[in-house]
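The numbers here are math on the coordinates, done by the rules we state, and not lab data. Note that the structure is a prediction, hence the values are computed from the model and not measured. Cβ placement follows ideal geometry from the backbone for every residue including glycine, while neighbour counts extend to all protein chains displayed.
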Amino acid sequence: MAHVSEEIRVERPVSDVYNQWTQFEEFPEFMGSVEQVQQQDDTHLHWKATVAGQTAEWDAEITEQVPDRVIAWRATEGVQNEGRVQFQAEGDGATRVSLELVVEPEGVVQTAGDMMGALQSQVRQDLDRFKQLIESREQASGEWRGEVHDGGQPR
């Protein structure tokens, strides 16, 4: 399994940053390898991406979501991965975004790419593009303020 941890400071209030992150179908705007995300309901997503030149698809379930604090997920089918993104307000109106991702590389090319730091680099670039996206907007393009607890039960 490949494990990546990255964080970035975003010069926007935590509610704006969190709200934008909940717009999963817009992830292809800042995630370089993601082609499409379809939100099936409050806790289920279908992903399509190009990873190391190969198309990959997977279904994921949001397992924890607390507004302005955290979103966690795990794959339920397809490419095995799980992750957690945390949002922390900083005193000056900025937000610290911390992302942890665990991915099971598939095949020799992805394993070699992971060993050379390709996944770490991709996550860093994605966070940089997310920062540019949200800082260039007056407000988030949408929001979902519901909560998910107990491994995927929305409230």
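Projected area of the range 25-77, taken from the Cα convex hull and averaged over every viewing direction, in nm²?
So the mean shadow area of the Cα hull is 4.0 nm².
If the only charges are +1 at each Lys and Arg Cβ and -1 at each Asp and Glu Cβ, what is the size of the charge dipole of the range 1-99 around the Cα centre, to the nearest 20 debye?
Here the range 1-99 has a charge dipole of around 260 debye.
Using modelled amide H (1.01 Å from N, peptide plane; none on Pro or chain starts), what sits under 5 Å from the amide H of R12, excluding residues fewer than 5 places away?
HN-HN under 5 Å from R12: T95.
Given a Förster radius of 35 Å and the C-beta distance between W58 and E135 as r, what FRET efficiency does 1/(1 + (r/R0)^6) yield to the nearest 0.05?
0.75
Given R₀ = 22 Å, FRET efficiency for E147-H44 by Cβ-Cβ distance, to 0.05?
My answer for the efficiency is 0.90.
On full extension of the chain, what length is gained from I8 through Q120, given 0.36 nm per residue of separation minus the C-alpha to C-alpha distance?
Gain on extension, I8 to Q120, equals 39.0 nm.
Which value in deg cm²/dmol, rounded to the nearest 500, describes the helix-derived mean residue ellipticity at 222 nm for the chain, given -39,500 (n - 2.57) per DSSP H run of n ≥ 4 and division by the residue count?
Roughly -7000 deg cm²/dmol at 222 nm, from the helical runs in the chain.
If I take the Cα coordinates of the chain and project them onto the principal axes, what are the three extents in Å, biggest first?
If we take the Cα atoms of the chain, the spans are 44, 31, 22 Å.
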